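The values are calculated or read from the model by the stated rules, or taken from the named source; none is laboratory data. Everything numeric here is computed off the predicted structure, so don't read it as measured data. Using ideal geometry, Cβ is built from the backbone for each residue, glycine included, and neighbour counts are taken over all protein chains shown. Only protein heavy atoms, including side chains, enter the accessible area calculation; ligands, DNA and RNA are left aside. Shrake-Rupley method; radii C 1.70, N 1.55, O 1.52, S 1.80 Å.
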Amino acid sequence: MDFFAQAMFLFLAAAIAGALNALAGGGSFISFPALLFVQVPAVEANATNTVALWPGLGASALAYFKRLNVPSRLLTPLLVTSVAGGWAGAMLLLKTPQHTFMRLIPWLLLAGTLLFAFGNSLRSLAGQITVVDDLTNMSWRTIAAGSIAELLVAVYGGYFGAGIGFVTLAMLAMMGMHDIHAMGAIRTVLAVAINAAAVVTFIVARAVLWPQCLIMIAGSLVGGWYGAHYAQKSDPRKVRGLVIAVGIAMSAYFFAKPLFGK
């Protein structure tokens, strides 16, 4: 594949990923394998994909800020653990040998797909937790437990990250939150913090392949804009089903790939 064909392929993959992220999430199931298909090494592919999709995520966070009415005693610990975990996960990725990460890819894709598919069920199970109507009254014990949970989520997010949004929603529900719009705002801001730490780590470590990354940033922004524009017209169940199908297909492909060689 020549450079022009590769550029068009990555732009299209990133545009689809950006649109999926705007509609339902799960864009990495498209953009990350696309980098592997053009022979980008696995660790650099994950780092490049994280950096490429981050601007679109940041843009989404700006739209949510008006709904972010969270006391600092709750938000600050969650942000601190998000940044710490995102950095730790990114460092763990950089220290993972390429061949080891290649073996982990199908399992990570499958885990991300399952988190995406059953995240709402996790949140529903958490619905039995005592509801907190006023977040300023949340106990320090609950905040500490949530921060520890967020640290674990952030480590996974910095390392790979597919499906973390649904786990974060479940974690917030377990802390007693019930306003889905407020929870969505917190989830998005925490995801931005996790990925910001990972992005800085990858850039400093020079793990990002910039020619591919810049092309994908442009594609993800275009796809994200159109995805956000048509989000209200789409059937979320069909989009969600599509993302899960793609995740399963990508997982199956990478499980089967060693059986048939490169």
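A compact table of results
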read-out	value
Close pairs (6 angstrom Cβ cut-off, 6 or more residues apart or separate chains): over 17 Å from L110 (Cβ atoms) in segment 237-252, assigned to a helix (DSSP H, G or I) anywhere	V239/L23
Residue in segment 114-129 that is at pLDDT below 85 and among the β-branched types (V, I, T) present	yes
Checklist (1) surrounded by fewer than 17 Cβ atoms within 10 Å (Cβ to Cβ); (2) at pLDDT below 90; (3) assigned to a helix (DSSP H, G or I) applied to N69, failing item	(3)
Unique match (being in contact (Cβ under 8 Å) with a residue 60 or more places away in the chain and of a type outside the set (F, W, Y)) among L62, L104, L108, L35	L35
Scan of segment 166-189 for residues that are under 21 Å from G89 (Cβ atoms) and open to solvent by 20 Å² or more (accessible area, probe 1.4 Å), ordered by number	F166, V167, R187
Single condition V70 does not satisfy, out of (1) farther than 26 Å from F255 by Cβ; (2) under 19 Å from the mean Cα position of the chain (by Cα)	(2)
Any pair with Cβ under 6 angstrom, 6 or more apart, that starts in segment 200-212 at a residue that is outside any helix (DSSP H, G or I) and ends at one that is among the polar types (S, T, N, Q) and surrounded by 12 or more Cβ atoms within 10 Å (Cβ to Cβ)	V208/T48; L209/T48
Single match in L23, L36, L57 (criterion: under 15 Å from V246 (Cβ atoms) and open to solvent by 20 Å² or more (accessible area, probe 1.4 Å))	L23
Residue within segment 72-88 that is in contact (Cβ under 8 Å) with a residue 24 or more places away in the chain, buried (at least 24 other Cβ atoms within 10 Å of the Cβ) and more than 30 Å from D179 (Cα to Cα) present	no
A5 among the aliphatic types (A, V, I, L, M) and either closer than 23 Å to W225 by Cα or in a loop (DSSP other than H, G, I, E, B) (or both)	no
Number of the exception - G161 against (1) in a helix (DSSP H, G or I); (2) within 23 Å of the chain's Cα centre (by Cα); (3) at pLDDT below 85	(1)
Residue satisfying condition, being modelled with pLDDT of 90 or more, more than 24 Å from Y159 (Cβ to Cβ) and open to solvent by less than 60 Å² (accessible area, probe 1.4 Å), within set A218, A205, A196	A218
Some residue of segment 1-18 being among the charged types (D, E, K, R) and closer than 23 Å to F202 by Cα	no
